[in-house]
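> Have a look at this one before I ask anything.
Any read-out appearing in this document is the output of simple, stated calculations on the displayed coordinates, not a laboratory observation. It should be emphasised that the depicted structure is a prediction, and the values quoted were computed from it without experimental measurement. Ideal geometry is used to build each Cβ from the backbone, glycine not excepted, and the neighbour counts take in all protein chains shown.
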Amino acid sequence: MAVTGKTTQLADERLVELSLDGDEGAFGLLVRRYQRRLTAFLSQLVGDTELARELSQEAFVRAWSALERFDPKYRFSTWLFRIAHNLGIDQLRRRRLQTTPLYRTDSDGGEVEVVVPDLDKDPLGHLENRALALELRQVIDGLRPEYRELVLLRHFGGLSYQEIADFTEMPLGTVKNKLFRAHSVLRKALTDFL
Amino acid sequence: MIQGEAPVATDCQTIQEILTEHGGELERLDGAESQHLEVCPDCREAAAAERALRLIFARAIPPTDPVVEERVLAALRPVRIRRRIVAFLPVAASFLVALVGAVMVGGVPGSGILGLLPEFSTQGWMAFATSVSDWGTAVATGARAAATTLDPALLAGAGLVSIFGLVGVVVTALRWRRVSLWREDR
């Protein structure tokens, strides 16, 4: 399919149909539409930009391979993000098994895990304002896991509240409430940058 | 927190949830909600903070990486070939079923057909084409002969198997065609 203004506006579901009919251009449009947000979401999830690129690629390949099993009554976006999310979680589990955390003793005599930042892999490494990047990294990592996932889906995955509700299988009202609370934390922590 | 005497249609949390959802865009608020905002400094502050937060997150997403798209499309190619091969298996199986049915109806025709498989010469191919034509004639003749000698139930069963196989060939071939027709542009 030749990419024109009209074709780029086609709904995901129509592009899936065209892809199933053998139209590589249609699937290419889906890739173009989602790769930035999917990679950004995965970068935050796994904390490594290059790994996120690989996982993003794998997610698209898996989506394409399973396209015939995609149920059009669901949204393509949530289906794709679920594939990516599962890949990311698998990767985190595997990494936890493979690595041994380093600890140092803090001033109170307790053990604190040593985090060695790798600027090349940092998903926020492209931000010119390093102080903001650092603060954002800390506040996102410090969020409660249930808030963190919603924030990643919303702000890095670019999903709507309804898509997040579908993805997490939470009622829409719960998603709204949790994101409101998460934003309260974010606003408080990032006051200096707002 | 509400100040003044303006009519309050809703509370701060509801307003701020809406502002959170829409990145602090005031256009998303209805009349009563906008009135609330006019008299509520907390909600106005929340709206401004949400707009700033939206900008921070917009900047936090890395720019589009064209390499990812190229890599994805390149990675699909071997998957496509594998998928095409897998999709062809039902076509082959259906063809086999149709052949078994035909053989059951008409016996094994053209016994010399394997011996006439094309050699690397024009004559070989001509002989093959002739034998295929003979094979068709033989099937028809065999079917007529079988009709007089075979149990009608067996014959009917064989006919059904053959028809089932042919239908299968058509259906699976259409599906296979769909899978195999993966075009860059059309």
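> Put +1 on the Cβ of every Lys and Arg and -1 on every Asp and Glu Cβ in segment A:124-194; which of A:189, A:168, A:124 then has its Cα farthest towards the positive end of the dipole?
A:189
> Nearest 0.05, what FRET efficiency do residue B:79 and residue A:93 give at R0 = 22 Å with Cβ-Cβ as r?
Working: r = 25 Å, r/R0 = 1.14.
Efficiency, from the Cβ-Cβ distance: 0.30.
> For segment A:1-85, which trypsin sites (Lys or Arg not before Pro) are both in a DSSP coil and crowded by at most 16 other Cβ atoms within 10 Å?
A:73
> How high is the FRET efficiency between residue B:160 and residue A:13 when r is their beta carbon distance and R₀ equals 41 Å, given to the nearest 0.05?
Here the calculated transfer efficiency is 0.55.
> Let me ask another. Under a Cβ-only charge scheme (Lys and Arg +1, Asp and Glu -1), can you give me the dipole magnitude of segment A:1-99 about the Cα centre, in debye to the nearest 20?
Charge dipole, segment A:1-99, about its Cα centre: 440 debye, nearest 20.
> Given contacts defined as C-alpha pairs under 8 Å and at least six residues apart, what's the relative contact order of segment B:12-60, whole-number percent?
Relative contact order here is 42 percent.
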